[in-house]
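Below: one structure, written as structure tokens.
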Amino acid sequence: MDQSQALRLAGEALELWHTGRLPEADARYREALALADPRHYRTPDIHGQYAGLLTRMRQSSEATRHFETALQLELLNDPNEASPAVVAAR
């Protein structure tokens, strides 16, 4: 695990997505998630962003899986169902 590298790659992925380079963004998010620490408070954000990209790419099943992972990780970080991060993930 290398969280700083994962966050850097996720940032690159987001930029690629915003410039319309979706396949490259997809690859970068996969790299980021392979390095991400699941217990780090920013990892759910990476899953959520990637789910958004997958939705844009019309890959609903995989997007749903990443949205669910983001929620599960947020709940591990803060089991309070009313916390802002959990509410946003829902």
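The values are calculated or read from the model by the stated rules, or taken from the named source; none is laboratory data. Not measured: the values here are computed from a predicted model. Because the Cβ atoms are built from the backbone with ideal geometry, glycine has one as well, and the counts that use them run over all protein chains shown. For accessibility, only protein heavy atoms count, side chains too; no ligands or nucleic acids. Shrake-Rupley method; radii C 1.70, N 1.55, O 1.52, S 1.80 Å.
Within the stretch 1-17, residues that are of a type in the set (G, A, S) have Cβ atoms under 6 Å from residues that are open to solvent by 50 Å² or more (accessible area, probe 1.4 Å) in these pairs: A6/L35; A13/R28, counting only partners at least 6 apart in sequence or on another chain.
Table: residues versus (1) among the aliphatic types (A, V, I, L, M); (2) over 12 Å from the mean Cα position of the chain (by Cα); (3) under 11 Å from L7 (Cα atoms).
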position: E24; (1), (2), (3): no, yes, no
position: Y29; (1), (2), (3): no, no, yes
position: A36; (1), (2), (3): yes, no, yes
position: R39; (1), (2), (3): no, yes, no
position: I46; (1), (2), (3): yes, no, yes
position: A51; (1), (2), (3): yes, no, no
